[in-house]
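Q: Sharing a structure with you now.
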Amino acid sequence: MICPMLSALKPTDENGQPVNRECIYEECRFFNREQRDCNLMMASRAMLHMAAPGAAPAAPGVSGADLQDMERRLTDLGKGLLHSNLEVQGVVREAGQATLGGVAEAGESLSKKMAETGDRLSKQVAEIAERLHAGPEDLEARLATSLQELEQRVMAGRMESETRLAERLQASIAEMRSILEQTLAPLQARLDEQSRGVGVTAAATSQSLEALQAIGDLQQKIADRVLEELALVSATSAKLEQAVGSVDKKMDRAADESLQISQLMTLVKGQAEKTHAALRSINEGNRAVIQAVETQLKRDQDDLSRRSREEAQECNNRGVALYYRGAFEAAQAAFRQAIHLLPEYAEAHNNLGLVLSKLGNEAEAVQVFQEALRLDPAMSEVYNNLGFLYHTTSHFDRAVEMFGQAIQNSSDSAVAYANLGNSLYKMKQPEKAVEAWRRALELDPMNEPARKSLRMFQQDPSSN
């Protein structure tokens with residue numbers, strides 16, 4: 001059940017959390033324990049009953065139960081105020097009796113002291129009279145003096161007693177006043193609180209009546225809104241039923257189509273498995289064919305490469321024979337054919353460079369020698385032939401460099417030492433040239449060019 005005071009709140013807060021709007025019954029201050037019902041709900045029902053057509057007129061926003069409850073509360077409040085007034089009167093009465101008792105006790109004490117003082121004075125007067133009769137005449141002056149002193153003392157004692165009595169009376173009165181004020185202070189506070197309670201109760205009653213009127217209006221609006229929502233829900237339900245019916249029909253058709261599709265998929269799956277098996281067998285056959293073709297192609301390539309190498313070697317050998325016979329043009333064609341058949345043939349490039357140098361084509365010869373060195377950097381003959389070409393074209397420094405490379409890459413470098421000596425001699429370095437020629441003869445005593453160059457140098461008068 002939703003509390004009528006909390007029904008105006010939204011079902012959720014700003015964070016989207018649900019708001020507790022449940023009624024707490026007996027823990028609520030609007031719960032009527034006698035009728036076991038909510039005062040606000042009873043007032044709301046009474047207002048709705050009054051607002052209904054043909055209902056008896058009543059005060060706007062107030063029911064008989066509310067008026068009875070308000071009258072009962074005001075009666076209880078009056079009883080509480082009367083009880084408080086009776087308590088105040090009792091306290092004042094007790095304080096007055098205590099004050100009178102204190103005054104009586106002070107009077108009795110004063111009477112006792114006055115009686116005791118009178119007894120002492122009577123005794124002293126009797127003693128003085130006895131002394132007057134028994135003593136000499138010179139005691140008259142003493143007697144007069146004693147009488148004066150006695151009168152002064154009596155007056156002083158009377159005044160002192162009266163002063164003390166007055167002081168005690170004033171102290172008792174002040175004490176009673178303090179007690180009375182202390183007793184009346186909480187009673188006055190209670191009276192003020194009860195007075196404020198009456199005002200608060202009246203204000204709360206007024207606010208409650210206004211809240212009841214607002215709650216009635218709100219409940220009427222809520223009822224109208226609920227009826228509208230119910231109408232919308234009814235219309236929406238009808239539409240939903242129609243939509244559900246059409247969806248059911250579509251689902252039935254979809255189920256039939258799905259069954260047909262499933263059957264077709266089964267057939268397609270069987271056909272696909274057969275096709276896959278056929279393709280697998282075809283693929284295996286193709287793989288075997290491809291392997292056979294690749295093997296045959298590799299064999300053909302190897303055979304072609306072998307035949308090209310053999311034919312290139314034949315061309316190179318034919319070119320060498322033609323070179324030694326002096327047929328340099330034919331040798332050049334043979335070497336070029338060998339290079340065409342086998343472009344990586346370094347020896348053919350070297351032989352072509354020799355032919356080109358013989359034909360006077362030094363620039364192309366240098367390029368061909370360099371290509372031979374790129375293909376085989378450890379080929380010492382190319383360094384030697386290129387160095388000889390530089391020597392014949394008077395590039396002696398380059399020639400010395402190439403002969404040095406030939407010596408480094410050859411185990412038998414007697415020819416390179418002989419050519420190195422010739423280039424050094426051309427560069428006007430006879431000591432180094434003689435050393436190179438002698439090194440060539442040490443490596444090959446039959447090296448006639450080195451021996452001849454050394455003999456010519458020794459017979460030359462300009463060298464000595």
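The values are calculated or read from the model by the stated rules, or taken from the named source; none is laboratory data. As the structure is a computational prediction, the values presented were derived from the model and not from experiment. Quick reminder, even Gly has a Cβ in these numbers, built from the backbone with ideal geometry, and neighbours come from all protein chains shown.
Q: Could you tell me whether segment 303-319 includes any residue that is within 22 Å of Ser423 (Cα to Cα), at pLDDT 90 or above and surrounded by 14 or more Cβ atoms within 10 Å (Cβ to Cβ)?
A: No; the residues of segment 303-319 include none that is within 22 Å of Ser423 (Cα to Cα), at pLDDT 90 or above and surrounded by 14 or more Cβ atoms within 10 Å (Cβ to Cβ).
Q: Quick test for you: out of Gln370, Gln458, pick the one residue that is out of contact with any Ser or Thr (no Cβ under 7 Å at 6 or more places or on another chain), of a type outside the set (Lys, Arg) and free of Cβ contacts under 8 Å to residues at least 12 places away in the same chain.
A: Values: Gln370 fails: free of Cβ contacts under 8 Å to residues at least 12 places away in the same chain.
Every option except Gln458 fails the conditions.
Q: Under the condition of being touching a residue at least 24 places away in the same chain (Cβ under 8 Å) and not in a helix (DSSP H, G or I), which residue from segment 341-362 is farthest from Ser380 (Cα to Cα)?
A: Selected residue: Leu359.
Q: Here's another thing I want to ask about it. Would segment 284-305 turn up any residue that is assigned to a loop (DSSP other than H, G, I, E, B) and not hydroxyl-bearing (Ser, Thr, Tyr)?
A: Of the residues in segment 284-305, the ones assigned to a loop (DSSP other than H, G, I, E, B) are none.
The answer is no, given that none of the residues of segment 284-305 is assigned to a loop (DSSP other than H, G, I, E, B) and not hydroxyl-bearing (Ser, Thr, Tyr).
Q: Only one of Ala333, Ala365, Ala338 is in a helix (DSSP H, G or I), touching a residue at least 24 places away in the same chain (Cβ under 8 Å) and out of contact with any Phe, Trp or Tyr (no Cβ under 9 Å at 6 or more places or on another chain); which? Full working, then the answer.
A: Working: Ala333 fails: touching a residue at least 24 places away in the same chain (Cβ under 8 Å); Ala338 fails: out of contact with any Phe, Trp or Tyr (no Cβ under 9 Å at 6 or more places or on another chain).
Selected residue: Ala365, the only one of Ala333, Ala365, Ala338 that is in a helix (DSSP H, G or I), touching a residue at least 24 places away in the same chain (Cβ under 8 Å) and out of contact with any Phe, Trp or Tyr (no Cβ under 9 Å at 6 or more places or on another chain).
Q: Let me ask another. Between a first residue in segment 432-449 that is touching a residue at least 24 places away in the same chain (Cβ under 8 Å) and a second residue that is surrounded by fewer than 15 Cβ atoms within 10 Å (Cβ to Cβ) and of a type outside the set (Lys, Arg), which pairs have beta carbons less than 7 Å apart while being 6 or more apart in sequence or on different chains?
A: Matching pairs, first to second residue: Leu443/Asp412.
Q: Restrict the check to segment 305-312 and report whether at least one residue is without any contact (Cβ under 8 Å) to a residue 40 or more places away in the chain and closer than 21 Å to Phe369 by Cβ.
A: Yes, the conditions are met somewhere in segment 305-312.
Q: Only one of (1) surrounded by 17 or more Cβ atoms within 10 Å (Cβ to Cβ); (2) in contact with a Leu (Cβ under 9 Å, 6 or more places away or on another chain) is not met by Ser380, so which one is it?
A: Every condition holds for Ser380 apart from (2).
Q: From Ala450, Ala440, Ala416, Ala406, which residue is farther than 17 Å from Ser380 by Cα and among the aliphatic types (A, V, I, L, M)? First the steps, then the outcome.
A: Numbers: Ala440 fails: farther than 17 Å from Ser380 by Cα; Ala416 fails: farther than 17 Å from Ser380 by Cα; Ala406 fails: farther than 17 Å from Ser380 by Cα.
Every option except Ala450 fails the conditions.
Q: OK, next. Given the criteria closer than 27 Å to Leu354 by Cβ, outside any helix (DSSP H, G or I) and not acidic (Asp, Glu), does Gly319 qualify?
A: On the way: closer than 27 Å to Leu354 by Cβ: yes; outside any helix (DSSP H, G or I): no; not acidic (Asp, Glu): yes.
In short, no.
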